[in-house]
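Beneath this line is the structure, given in structure tokens, with notes to follow.
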Amino acid sequence: MSWNPQYRSSKFRHVYGKVASKDKCYDCVPITCNVHDNHFCAVNPSFIAVVTECAGGGAFLVIPIKQTGKLDPHYPKVCGHKGNVLDIKWNPFNDSVIASCSEDATVKIWDIPNQLLKRNITTPKKELLGHSRRVGLIEWHPTADNIIFSSGYDYKIMIWNLDVKDAVVSMPVKILDAHKDVVLSMSFNANGSLLATACRDRKIRVIDPRAGKVLQEGSYKSHKVNKVLFLGNMKKLFSTGTSCWNNRQIALWDQNDLSVPLLEEDLDGGSGLLFPIYDSDTHMLYVVGKGDGNIRYYEISPEKPYLNYLMEYRSHLPQKGIGTMPKRGLDVAACEIFRFYKLIPTKSLIEPISMIVPRRSESYQEDIYPLTAAAQPALTAQEWLNGINKGPLLVSLRPGSEAVNSLPQFLEPEPHTKALSQECGGEGRISLEEDKQKPREIEGGRKRLKMDGKLPKTEEKCLSNGFDIFECPPPKTENELLQMCYRQKEEIRRLRELIVQRDVQIKQLELQLKNLRTDTGN
């Protein structure tokens, strides 16, 4: 009889939440009292934006990320809406551009100056007019530049192309009219080719946004969905909602079959909404409760039991909304893998919470920081509208590294084997292209390499960055290929530094020898 342990090994098993000190919080911030179910906060490495109270319309604050402490009560606002602001989102590729939507049925795009605001901003860069009722949700496309989606209480989702010169845009490039009630949540897959929505009619839909076609639609009688989320490239969806007994509930779905959830679990009897937040780099899922101070976090695995509970951050201060810092804004020296910005309206406080992996070493921890999405778009707006799919550009969080290009994917990509290209646009940039070799030929080449490479016993292993390049299994996924590419680039950079150091030593020795000859001659 074999014994199976009840725990599993994970490098994130001991992750804990660390609250910032009082001087690193944002105090005296007038947080909105709106009851709309949104985050009300958006963060990037330069600014933090939060929806605030404003008489005679809607407004939000934009605070430089380093300007912590007490906020001036007369601090300027961004106040161009005629109704309450319901959602705000930063452009993922431009830290100075933010979008907002409001009860006045408009979406506005704003340019934020790099310096400290001295007066209110009332004139937007662009104004999007198309919805007939209030707009409750906005989402930027994850890989294409200047593409934004908006969802309103007119039951429509509109796709906007901001690559136009007009300041007022009244015609969206596409209108998705597949819902019969209000859309409560929108989420893209990794390359932005699919959109998942949760609707008030209790149905989850997976939509091809360019074709306007509903690919999958499903609901489950014991799960009333509120929020839905794509889990990266795992082809799974995660949803939060309530059960038939009004318990807060989470569920996991197969992207290609929404008839029955893969997993369904009741959490507690709380009444607040649950916000799911997924980190595709570490495969960690955070569930944030609105109206309580808890943040539960799990690790997602592609096989059963799929959802592995890690721990729970607890606080007695309830949160009204939450903001998340992009991975490129984290403190890698402190082994910080995620950072929340918690809105506490009872104290007019924004409290940063860092999720830390306890490590003794202060050096860069490559195993907990895989390649992550960069701040550059992989596609132009027109390329995406023409049917091209492409994953996000990837970048290492190691200080001084640059972006790594991703592979373009068309609507029906051919199954060619992908290889590294030797042509580089810059010193730190690497491009990938399709290899015309067949997999069998590649395997044969590897076998010939092993047969021909008969080394002496003292040189049997060739190590590069700590791993054996002959025993290391070949990359099976695009992410593994990019990681190996980056490791090789780091090895080349290290060898170049060694060569430069040797050249300097040679020159120094030559100079000493020349001086010695001169002294001997004299």
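The values are calculated or read from the model by the stated rules, or taken from the named source; none is laboratory data. Computed from a predicted structure; not experimentally measured. Here the Cβ positions follow ideal geometry from the backbone for every residue, glycine too, while neighbour counts run over all protein chains shown. In case anyone asks, the SASA skips ligands and DNA or RNA and just uses the protein heavy atoms, side chains included. Shrake-Rupley method; radii C 1.70, N 1.55, O 1.52, S 1.80 Å.
Of the residues making up segment 377-410, those that are open to solvent by less than 40 Å² (accessible area, probe 1.4 Å), at pLDDT below 90 and in contact with a helix residue (DSSP H, G or I) (Cβ under 8 Å, 6 or more places away or on another chain) number 4. Here residue 107 fulfils each of the conditions (1) touching a Leu at 6+ places or on another chain (Cβ under 6 Å); (2) outside any strand (DSSP E or B); (3) within 27 Å of residue 380 (Cα to Cα) apart from (2). Going by what's in this entry, would residue 66 be described as touching a strand residue (DSSP E or B) at 6+ places or on another chain (Cβ under 9 Å) and of a type in the set (Lys, Arg)? Criteria not met by residue 66.
Number of residues in segment 192-208 that are touching a residue at least 60 places away in the same chain (Cβ under 8 Å) and either surrounded by 23 or more Cβ atoms within 10 Å (Cβ to Cβ) or of a type in the set (Phe, Trp, Tyr) (or both) equals 1.
Which is among the β-branched types (Val, Ile, Thr), over 27 Å from residue 373 (Cβ atoms) and touching a strand residue (DSSP E or B) at 6+ places or on another chain (Cβ under 7 Å), of 175, 207, 98? Going through 175, 207, 98 in turn, the sole match is 175. Residues in segment 224-257 that are among the aliphatic types (A, V, I, L, M) and not in a strand (DSSP E or B): 231, 234. Looking only at segment 46-57, decide whether some residue is assigned to a loop (DSSP other than H, G, I, E, B) and in contact (Cβ under 8 Å) with a residue 60 or more places away in the chain. The answer is yes; a qualifying residue exists. Within segment 105-129, the set of residues being open to solvent by 40 Å² or more (accessible area, probe 1.4 Å) and within 17 Å of residue 172 (Cβ to Cβ) comprises 127, 129. Pairing each residue of segment 135-155 that is farther than 18 Å from residue 374 by Cα with any residue that is open to solvent by 20 Å² or more (accessible area, probe 1.4 Å) and hydroxyl-bearing (Ser, Thr, Tyr), provided the two are 6+ apart or on different chains, yields C-beta distances under 7 Å for 136/153; 154/132. Hey, does segment 137-160 have a residue that's modelled with pLDDT of 95 or more and under 30 Å from residue 73 (Cα atoms)? Yes, there is a match, as at least one residue in segment 137-160 is modelled with pLDDT of 95 or more and under 30 Å from residue 73 (Cα atoms).
Restricting attention to segment 82-102, the residues that are under 21 Å from residue 146 (Cβ atoms) and part of a strand (DSSP E or B) total 10. Exactly one residue out of 221, 227 is open to solvent by 10 Å² or more (accessible area, probe 1.4 Å), in contact (Cβ under 8 Å) with a residue 12 or more places away in the chain, touching a Pro at 6+ places or on another chain (Cβ under 7 Å) and under 27 Å from residue 271 (Cβ atoms), and it is 227.
Do you know which of the residues in segment 289-328 that are in contact with a His (Cβ under 9 Å, 6 or more places away or on another chain) and of a type in the set (A, V, I, L, M, F, W, C) is most open to solvent (accessible area, probe 1.4 Å)? Only one residue tops the list, namely 311. So which residues in segment 247-284 are closer than 13 Å to residue 237 by Cα, of a type in the set (Phe, Trp, Tyr) and open to solvent by less than 30 Å² (accessible area, probe 1.4 Å)? Of everything in segment 247-284, just one residue is closer than 13 Å to residue 237 by Cα, of a type in the set (Phe, Trp, Tyr) and open to solvent by less than 30 Å² (accessible area, probe 1.4 Å), namely 253.
Of all residues in segment 329-366, which are surrounded by 15 or more Cβ atoms within 10 Å (Cβ to Cβ) and part of a helix (DSSP H, G or I)? Selection gives 329, 332, 345, 366.
Of all residues in segment 58-67, exactly one satisfies the criterion of being in contact with a Gly (Cβ under 8 Å, 6 or more places away or on another chain) and in a strand (DSSP E or B), namely 58. Before we move on, is residue 292 among the charged types (D, E, K, R), in a loop (DSSP other than H, G, I, E, B) and within 20 Å of residue 326 (Cα to Cα)? Considered against the rule, which asks whether it is among the charged types (D, E, K, R), in a loop (DSSP other than H, G, I, E, B) and within 20 Å of residue 326 (Cα to Cα), residue 292 comes out as no. The set of residues from segment 37-73 being within 11 Å of residue 87 (Cβ to Cβ) and open to solvent by 30 Å² or more (accessible area, probe 1.4 Å) comprises 37, 39.
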